[in-house]
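This report concerns only the one structure given below.
We did not get these values from a lab; they are worked out from the coordinates using the rules stated. Remember, it's a predicted structure, so these values are computed and weren't measured experimentally. Using ideal geometry, Cβ is built from the backbone for each residue, glycine included, and neighbour counts are taken over all protein chains shown.
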Amino acid sequence: MPPIDVYRVGELHFVRDGHHRVAVARAQGLEQIDAHVVEVITQVAADSSITLADLPLKSHERLFHERVPLPPDARARITLTDPVAYGTLAEGVEAWGFRLTQAEERYLDRPQAALRWFGEEYVPVVTVLRDADLIAKRETETDAYLRLSGERYRIMRTQEWSDEAIERVRRGR
């Protein structure tokens, strides 16, 4: 049989051409098949736990990290379960950075704004949310941050966190 064409992304392999040859090889009990492999280097890790259904999430995650360039340790904490939410979060971070730029009357580039947002907004807010037991069982800390940031704004029309904002979010009004 001629070799199949495969893309390798991290530990994953995707058959580009040769699905029928793979099926025939499996039916014959073959564990190996000749392949032309093109390795795709990505900014977002792909390991053997990823599924086809995870790919849209990884795509949105990659775009988020282009817009909000964080160092690896901070980057690892930003996880959302809804792929579209990465765009919403990026918009919020960029708006936060813009307000900071205006308040300080000086330019901040994307990496500076992202790092400041993470240290001055995200980490303290997630700490407050944990202390107030406002992170639901099936959501990540970033899901909770995004959900409650939206609620804070809807309820209070403010971007500021306070004890009053936390209490009103907890009560749902």
Three semi-axes of the equivalent ellipsoid, the chain, Cα gyration tensor, whole Å, largest first = 43, 19, 11
Most exposed to least, judged by fewest other Cβ atoms within 10 Å, 96, 117 sort to 96, 117
Compute the FRET efficiency between residue 66 and residue 163 as 1/(1 + (r/R0)^6), taking r as their Cβ-Cβ distance and R0 = 35 Å, and round to the nearest 0.05.
-> 0.45
With r as the distance between the Cβ atoms of residue 105 and residue 132 and R0 = 41 Å, compute the FRET efficiency 1/(1 + (r/R0)^6) and round to 0.05.
-> 0.75
Out of the stretch 79-143, which GluC sites (Glu not before Pro) are coil in DSSP terms and have no more than 10 other C-beta atoms within 10 Å?
-> 105
Computed on Cα atoms, Rg of the stretch 1-41 relative to 2.2 N^0.38 Å comes out at 1.14
What percent does the relative contact order of the stretch 1-41 come to when contacts are Cα pairs within less than 8 Å and at least six residues apart?
-> 52
Output for the stretch 94-123: trypsin sites (Lys or Arg not before Pro) sitting in coil per DSSP, at most 10 other Cβ within 10 Å, listed by number, reads 106
Before anything else, pin down the relative contact order of the chain: Cα pairs under 8 Å, at least 6 apart, normalised by residue count, whole percent.
-> 15
Within the set 20, 65, 36, GNM on the chain using Cα springs under 10 Å gives the largest fluctuation to 20
When the chain is modelled as a GNM with alpha-carbon springs shorter than 10 Å, which of 132, 90, 114 fluctuates the most?
-> 132
